[in-house]
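Structure, as structure tokens:
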Amino acid sequence: KENLYTEQNTFGGQKTYKNVFRYFDDGKKQMLIIYREEAIDELVDIIYDMDISQPIKVYVFSPSEDPWKGSFDDVSDKVELCALPQAIYNTYRRILPKKKDAVVFPEEDVLATTEKEEEQFNGMLNFEYD
């Protein structure tokens, strides 16, 4: 939708987690996609500390049309919120081309999330800041 495909492996110094949140930046515009609501507060803290020239387009996965506006009150001048409802998410997954069957080892794909990393995220939700 945003015509933005340059995915980054960090956001505000925090490593991205493919199944938690993803960040895209092509030097002209930025987009953050949040799949897990547990990450919202930590990501808002990161955005709060960032110096941003134009609002980041933020898509938040939601089972309804709620874009989590209340959670982003402190950074409302730095973001443009959009809900990512379950129905749209499922449609995108169904119509977008599937990746070819290929073996990708996590150490070769900086955007891949290993099981251990996923467990660490699920267990702690403790982001490290640079």
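Quick note: the coordinates plus some simple rules give every number you see, no bench work behind them. Not measured: the values here are computed from a predicted model. Backbone-built Cβ (ideal geometry, glycine too); neighbour counts: all protein chains shown.
Under 5 Å between amide hydrogens, built in the peptide plane, is the criterion, and for residue 15 it picks out nothing among residues at least 5 positions away or on other chains.
The 3J(HN,Hα) values that the Karplus relation (6.51, -1.76, 1.60; θ = phi - 60°) gives for segment 20-33 are, in residue order, 10, 7, 10, 10, 10, 8, 10, x, 10, 9, 10, 9, 10, 10 Hz. Gly and Pro appear as x.
Given a cut-off of 20 Å, name the pairs among 28/78; 18/78; 28/69 whose C-alpha atoms lie farther apart than that in the structure shown. Distance filter (> 20 Å) returns 18/78; 28/69. Residues whose amide H comes within less than 5 Å of that of residue 21, counting only those at least five positions distant or on another chain, are 35 (H built at 1.01 Å from N in the peptide plane).
Note on residue 18 and residue 53: the extension gain reaches 10.0 nm, defined as 0.36 nm multiplied by sequence separation minus the Cα-Cα distance. When each of the peptides 49-59, 34-44 is scored by how many other beta carbons lie within 10 Å of its residues on average, the order from highest to lowest is 34-44, 49-59. Taking amide H positions as modeled 1.01 Å from N, with prolines and chain starts lacking one, the residues under 5 Å from residue 6 and 5 or more places away or on another chain are 25.
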